[in-house]
Each structure stands twice: as structure tokens, then as C-alpha cells.
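S.K.: My questions will all concern the structure given below.
Where a number appears in this text, it was derived from the coordinates with a stated rule and is not lab data. Quick caveat: nothing in here was measured; it's all calculated off a predicted structure. Ideal geometry is used to build each Cβ from the backbone, glycine not excepted, and the neighbour counts take in all protein chains shown.
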Amino acid sequence: MDETHCPEKHLALAVDLEAFSRIRETILSCDLPRRTKFELCLAAEEIFVNICSYAFSGPAPEGEKILFHFDCDEDHAVLRFSDGGRPFDPRTDLPDTEEYDIDTAVGGLGRLIAFTIADSVDYEYLDGRNILTITKSIKS
């Protein structure tokens, strides 16, 4: 696979669940193994939905955008999300699956799913923005 099959993409998306379709199209348009595309779409959807649902204490400010960056080479795919919501390191306070009560607990599993799919997850809060980077090895 060469870079012409998976060009680097930068998207500025509305804080709206409907905008996820552009991320999905971006991932699916790349020349990647089917299973890798599926896993990347699943991880990206979990993160995007969480940003839309929880990053702001109410509606997102007018004009706020979720920035999405996607890049891959023959070895790795990188998903990067940036939002202007309140500072939150999504790697913290993950549910303990041994103690998770499926009948009463609400939320938390999406991040766990996304991070299980990833080979590495990095977070930083920089210039008023949360930046989450998910890296996945590409296996044919």
C-alpha cells in the first residue's frame, strides 16, 4: 500500500452526530484491510459520539468544530480528534469490566471499546483543546 491509496485527511466537523458520516467515508475510502476499516470506524464512532454528547456543558458554542485528522501508511493508521470542550482525559476513569453492572451502569464502554481496538492512545490538552490520538497497527 502506498500513500496515494490513503491520503492524509483533515476535516472540520460540526458537533453533530450526523457529521460522523464524513469520518466513516474517509476511513472506508482508504486501501486498508476490511477488518482494519471496521475497527477504525468503530473506534472513531465511539470517540466522536462521546465528544458530541459530553464535551460541552450543554449545546456546543456557535461555530465550534471537531477537528479530525486521519493518516495511514503501510504499518499504522492514526485517528486524531480535537475539540474545544472542557478538559477531559478519556483514558481516565474507565469502567472495571469485572465490576460493571450491565443492568444499571450507563456509559463508559464506548471508550473502553475504542481503546481496546487501538495499539496506542495519547491525550493532551493544548491551547484550549482536547487532543486524542489513536494509533492502530495495520495487519493484512
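S.K.: Could you identify which residue out of Leu126, Leu17, Leu112 has the top mean-square fluctuation in a GNM of the chain using Cα springs shorter than 10 Å?
M.R.: Leu126
S.K.: Follow-up question, since we're still on this one. For the stretch 18-60, just say rounded, prolate or oblate: build the C-alpha gyration tensor, square-root its eigenvalues into a ≥ b ≥ c, call rounded for a/c under 1.5, and beyond that prolate if a/b exceeds b/c, oblate if not.
M.R.: Numbers: a/c = 4.96, a/b = 2.44, b/c = 2.03.
Judged from the Cα gyration tensor, the stretch 18-60 comes out prolate (a/c at least 1.5, a/b above b/c).
S.K.: Using r as the Cβ-Cβ distance of Glu62 and Tyr123, and R0 as 35 Å, what FRET efficiency do you calculate, to the nearest 0.05?
M.R.: Step by step, r from the Cβ atoms, then E = 0.85.
S.K.: Still on this structure: Label Ala12 and Arg35 with points 7 Å out from Cα along Cα→Cβ: what is the distance between them in nm?
M.R.: 3.9 nm
S.K.: Summing +1 for each Lys or Arg and -1 for each Asp or Glu, what net charge is found among the other residues whose Cβ lies under 11 Å from the Cβ of Arg111?
M.R.: Net charge around Arg111: -2.
S.K.: Compare the Cα positions of Phe115, Ile131, His69 along the charge dipole of the chain (+1 at Cβ of Lys, Arg; -1 at Cβ of Asp, Glu; about the Cα centre) and return the one farthest towards the positive end.
M.R.: His69
S.K.: Now for a different question. Give me the percent relative contact order of the chain, please, defined on Cα pairs under 8 angstrom at least 6 residues apart.
M.R.: 29 percent
S.K.: Based on the Kirkwood radius over alpha-carbon pairs, what value in µm²/s does the Stokes-Einstein equation return for the translational diffusion coefficient of the chain at 37 °C and 0.692 mPa s?
M.R.: 210 µm²/s
S.K.: List the chymotrypsin sites (Phe, Trp or Tyr not before Pro) within the stretch 18-62 that fall in a DSSP loop (any state other than H, G, I, E or B) and whose Cβ has at most 16 other Cβ atoms within 10 Å.
M.R.: When the chymotrypsin sites (Phe, Trp or Tyr not before Pro) of the stretch 18-62 are filtered for loop state and at most 16 Cβ neighbours within 10 Å, Phe56 remain.
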